[in-house]
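The values are calculated or read from the model by the stated rules, or taken from the named source; none is laboratory data. Keep in mind that what you see is a predicted model, and the values were worked out from it rather than measured. When we count neighbours, we look across all protein chains shown, and the Cβ atoms used for this are built from the backbone with ideal geometry, even at glycine.
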Amino acid sequence: MNVSIQHSPSEACLPDSRRAWVMVLVAFIVGFVVFGTMYSFGAFFAPMAGEFRASRAATSAFFSITGLIFYLAGSVAGHFGDRLGPAVMTALGAAVMGGGLVLTGFIGRMWEGYLTYGIGVGVGAACAYMPTLAILGGWFTRQRNAALGTAAAGTGCGMLVVPPLSAALIEQFGWRVTSMIVGVGCAVLLALAAVLVRPPPLPAMGVHRPLGRIVRSFEFLMLYASWVLATIALFVPFVFLPAYVAIHSGSQVAGAALLSLLGGVSILGRLGIGVFADRIGTARLFKGSVFLMAASYFLWIIAPSYIWLVGFAVTLGLGYGLRIALMPAVLIELFGVQNLGAILGIFFTASGISAVLGPLLAGFIVDATGSYQWGIAFALAAGTLGFAAVAPLGISPYEGKGTPPPSPEISR
């Protein structure tokens with residue numbers, strides 16, 4: 001009775017209520033800010049490398065360090081989000097991420113940027129993103145897939161807007177002032193999310209499954225391995241595609257536009273997973289998304305013109321959008337919503353590993369061979385192995401492992 005009074009004082013605070021959709025808006029805003037900012041680094045790559053006279057590998061380390069810290073800190077941020085609540089963590093993320101970007105505009109050496117950008121953006125983004133994503137599982141029962149897909153569309157919208165905006169600002173004001181402008185914008189939007197966010201009303205019920213047993217399970221380990229490999233491939237175009245296009249077309253903005261197209265197409269997959277997952281099945285659709293991502297790199301490696309690169313961006317964007325939107329639903333089906341923040345945080349350390357290995361290995365390959373083609377081939381191989389890891393995995397609907405079972409609409 002105490003739980004009911006605390007978590008459901010009115011119909012507005014029940015699962016699948018209007019308040020629940022406000023939480024979707026919060027997660028959408030945070031995803032827009034976090035991933036739109038992180039994946040706009042490709043627009044900063046060339047001007048920063050030129051000013052500091054740095055190699056491709058040294059400059060790509062900005063993205064690698066940021067990604068590593070973001071995903072490693074996510075396990076801690078998810079845990080504290082479960083304990084302290086999402087509002088505290090999101091407010092902390094607003095201050096740290098915004099401040100890190102502003103300070104990056106003042107750096108005088110590369111290693112200083114590794115601290116301000118890498119730690120500031122990485123830690124701040126983790127504090128805001130993991131807790132706000134994790135609460136959605138407890139705010140929805142009947143419309144969970146639709147809610148997760150809509151929230152995940154924030155990532156695609158961020159990629160659609162922030163990279164070309166950053167590229168345009170850099171051409172007008174330079175990368176330093178642009179970093180400060182983006183930092184202030186991040187702080188304001190994340191502060192708004194902190195004001196709106198609320199903990200979920202759905203209490204954890206049923207048999208408790210220890211977190212250690214979950215992360216050692218065969219299903220978790222296979223998903224983790226697939227995520228590492230496929231995301232290694234994903235980070236290669238995020239870092240190198242604008243520079244690759246600039247060499248062939250002479251336009252940095254044209255490369256950033258492909259990243260925006262990739263993000264825009266990913267929105268379609270994210271928004272449609274509520275329908276697709278019910279008709280096709282969550283597990284089958286997830287595996288198909290990983291396959292689609294792997295196949296896209298073949299289009300890039302053989303691309304004879306910019307039109308082919310557009311096809312690559314569309315194919316990768318669709319697969320990427322489906323995969324990122326489906327992953328929380330897959331984890332909920334397997335393990336429930338109890339301690340979901342910690343589970344998501346631990347799982348997404350896989351992306352931290354990928355953030356280090358993907359850009360750095362691709363950067364070394366490109367520097368050693370003098371050709372982006374071998375870097376693309378590396379992405380193709382990693383993406384193919386990522387699909388091979390998840391293809392034989394059986395994903396059965398969750399049954400009583402820490403929360404009420406999902407409705408038939410979700411588990412179909």
Yes/no for ALA87 being buried (at least 23 other Cβ atoms within 10 Å of the Cβ) and either at positive phi or in a helix (DSSP H, G or I) (or both)
no
Is it true that some residue in the range 162-176 is among the small types (Gly, Ala, Ser) and in contact with an Asp or Glu (Cβ under 8 Å, 6 or more places away or on another chain)?
no
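Residue-wise test of (1) under 29 Å from ALA362 (Cα atoms); (2) in a helix (DSSP H, G or I); (3) among the basic types (Lys, Arg); (4) at pLDDT below 95.
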{"site": "ILE5", "(1), (2), (3), (4)": "no, yes, no, yes"}
{"site": "PRO15", "(1), (2), (3), (4)": "no, no, no, yes"}
{"site": "ILE29", "(1), (2), (3), (4)": "no, yes, no, no"}
{"site": "ALA94", "(1), (2), (3), (4)": "no, yes, no, no"}
Taking the range 268-321 and keeping residues closer than 30 Å to VAL24 by Cβ, not small (Gly, Ala, Ser) and not in a helix (DSSP H, G or I) leaves none
All but one of (1) out of contact with any Gly (no Cβ under 6 Å at 6 or more places or on another chain); (2) surrounded by fewer than 24 Cβ atoms within 10 Å (Cβ to Cβ); (3) closer than 21 Å to ALA246 by Cα hold for ILE365, so report the exception by its number.
(1)
By residue number, the members of the range 138-163 that are over 18 Å from the mean Cα position of the chain (by Cα), at pLDDT below 85 and either assigned to a helix (DSSP H, G or I) or β-branched (Val, Ile, Thr) (or both) are GLY138, THR141, ARG144
Please determine whether any residue of the range 120-132 is over 16 Å from PHE348 (Cβ atoms) and either part of a loop (DSSP other than H, G, I, E, B) or not basic (Lys, Arg) (or both).
yes
When every residue in the range 17-47 that is polar (S, T, N, Q) and buried (at least 24 other Cβ atoms within 10 Å of the Cβ) is compared, the one farthest from the chain's Cα centre (by Cα) is SER40
The number of residues in the range 313-332 that are more than 18 Å from GLY154 (Cα to Cα) and either surrounded by fewer than 24 Cβ atoms within 10 Å (Cβ to Cβ) or of a type in the set (Lys, Arg) (or both) is 3
Unmet requirement for GLY269, which otherwise passes all of (1) farther than 22 Å from ASN145 by Cα; (2) within 19 Å of the chain's Cα centre (by Cα):
(1)
For the range 48-57, give me each residue that is out of contact with any Leu (no Cβ under 9 Å at 6 or more places or on another chain), buried (at least 18 other Cβ atoms within 10 Å of the Cβ) and touching a residue at least 40 places away in the same chain (Cβ under 8 Å).
MET48, ARG56
